[in-house]
Amino acid sequence: MTAYSRGAARLLLAPVTITATKPLLPTHIKGFLWVDTLYRGTRLVRDLEYYWNPRAANLTGQTIQFWDHLDRRHAHLDHDALSADELGRLYVSFHASGDARPMNLLRDYTERIEREGWVHPATRAATSDWKRQLDLLGVHDPGLTADRPARLSIDETVELLARRHLCVDHRGHGGPAYLDGTRWGMPLRTVVGTDGHANYLLVILRDLLPRLADGDRVLLVYDDDLSHDYALLARVLGALGARPSRLPLGRVPLGGVIRSSRHGGWDGHTIGRLAGLCLEEFDEAAYRLGMRLYFIAMLKRTSAEPFRLDLLRRALTRAARMLREADGRLEPADRLLGCATPAGWIDPYRLTDGLFARRASASLLGQVYL
């Protein structure tokens, strides 16, 4: 691959984080592959930091409530030995049971995560499974097991936002704290409940605000169904001097239905199952490239097309042919830069879709896809 100019301003890549409370499913795979291809392509043309903080997802109410459920209802299990699939089935059962306790009763969990970066043994085991599968896919590890304490506390973050008239804080009167987007015609959004628990938006702000200097670009990647929250988050970051851009990704329907993993219906579609089927017929390189061809170029960013094994097999067949026919030339600089967005990051769809139109170079495949 030829060398490119790195004169552009730094870009912080900040995808929404997810907790290992279930196996990797097609929607998760799509997200990881889009972000990985974006990261590996963009870092060839500019300075880029990929920021992933497991604490952000571990501090959410649904994660802590699930861990509490495991400890109360399934204490007899060897949590360290649970597979991601087994944990996922327990996760579905928990959400169907209505067994979540109020967050004000679970402060010991929150305090332990904040104090020492504690992770429940079941999630620790599932994270190891995620890492094995993502390594097999050739996905860069963003820090799945890293311990990254937030640099700002809840109080410091709320105070900073309130000084800029971006937060309405009623906690002193027993009420919640809200992000205030009314100046942009957006409703107030609770970020700290009356129970004192901060939701994922405030956790993200605790992470991002100390890392962004005035004028820094930040790319927010998230599920399309979080668009209202992320539109507000981008406005807040912009008001504080950053230059945000957003990349929403659509979920992958299973059996024609779009549903959260907590509702089940995903048996037979886990990454372990898909990897086993693919690697029975194709080698590892074709698996890595073919999965990207399918989840990026064929499913596109917001496609509502359901997951189809026959189309995935077609993508892997095409990938195997691309690898056989790849040539040894250096990829022209303008080929990669031609896939850049106005915000300066490489569009995974444009780059990957372009592989269908011409013979791929081994250098591009090696540095971005394999």
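Tabulated values for the structure
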item: Stretchable slack from Arg164 to Ser128, in nm (0.36 nm times residue separation minus alpha-carbon distance); result: 8.8 nm
item: Filtered trypsin sites (Lys or Arg not before Pro), the stretch 158-252: DSSP coil and at most 16 other beta carbons within 10 Å; result: Arg164
item: Rounded to 5, the percent of DSSP beta bridges in the chain classed as antiparallel; result: 35 percent
item: Translational D in µm²/s for the stretch 140-282 (Stokes-Einstein at 25 °C, 0.890 mPa s, Kirkwood Rh from C-alpha pairs); result: 139 µm²/s
item: Unit charges on C-beta of K, R, D, E only; dipole of the stretch 275-344, Debye; result: 220 debye
item: Relative pair counts by distance (%), Cα atoms of the stretch 65-161, 10 Å bins; result: 13, 36, 34, 16, 1
item: Kirkwood Rh in Å, taken over the stretch 179-224 so that all alpha-carbon pairs contribute; result: 12.6 Å
item: Sequence-distant residues sharing a close amide H with Asp223 (under 5 Å, placed H); result: Leu249
item: Rounded to 5, percent antiparallel among DSSP beta bridges of the stretch 141-266; result: 55 percent
item: Helix axis angle, 271-281 relative to the chain longest principal axis, alpha carbon, degrees; result: 10 degrees
item: Förster-model FRET efficiency, 41 Å R0, Arg359 and Arg246, C-beta, rounded to 0.05; result: 0.75
item: Gain on full stretching of the segment that runs from Leu311 to Glu281 - 0.36 nm per residue minus C-alpha separation; result: 9.3 nm
item: Per-selection metrics, the chain (Cα): Rg and Dmax in Å; result: 21.3, 68
item: Dipole moment magnitude, nearest 20 debye, the chain about Cα centre, only Lys, Arg, Asp, Glu C-beta charged; result: 1040 debye
item: Cα convex hull of the stretch 85-219 - mean projected area over all directions, nm²; result: 11.2 nm²
item: Residue with peak Gaussian network fluctuation, the chain [Cα springs, cutoff 10 Å], from Leu351, Leu336, Leu105; result: Leu105
item: Order of exposure, largest accessible area first, which applies to Ser261, Ser97 with probe 1.4 Å; result: Ser97, Ser261
item: Helix-only CD estimate at 222 nm, as mean residue ellipticity for the chain, using -39500 (n - 2.57) per DSSP H run (n ≥ 4); result: -13000 deg cm²/dmol
item: Centre separation in Å (Cα based) which lies between the stretch 118-171 and the stretch 84-117; result: 16 Å
item: Separation of alpha-carbon centers, the stretch 340-354 and the stretch 21-44, rounded to whole Å; result: 15 Å
item: Simple spin-label estimate for Arg301 and Arg107 in nanometres, 7 Å along Cα-Cβ; result: 4.4 nm
item: Estimated distance in nm for a label pair at Trp184 and Ser97, the labels positioned 7 Å out from Cα along Cα-to-Cβ; result: 4.0 nm
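The values are calculated or read from the model by the stated rules, or taken from the named source; none is laboratory data. Just so you know, these numbers come straight off a predicted model, no measurement behind them. All Cβ positions, glycine included, derive from the backbone under ideal geometry; neighbour counts span all protein chains shown. Each accessible area value is taken on the protein alone, full model and side chains, heavy atoms only, with ligands, DNA and RNA left out. Shrake-Rupley method; radii C 1.70, N 1.55, O 1.52, S 1.80 Å.
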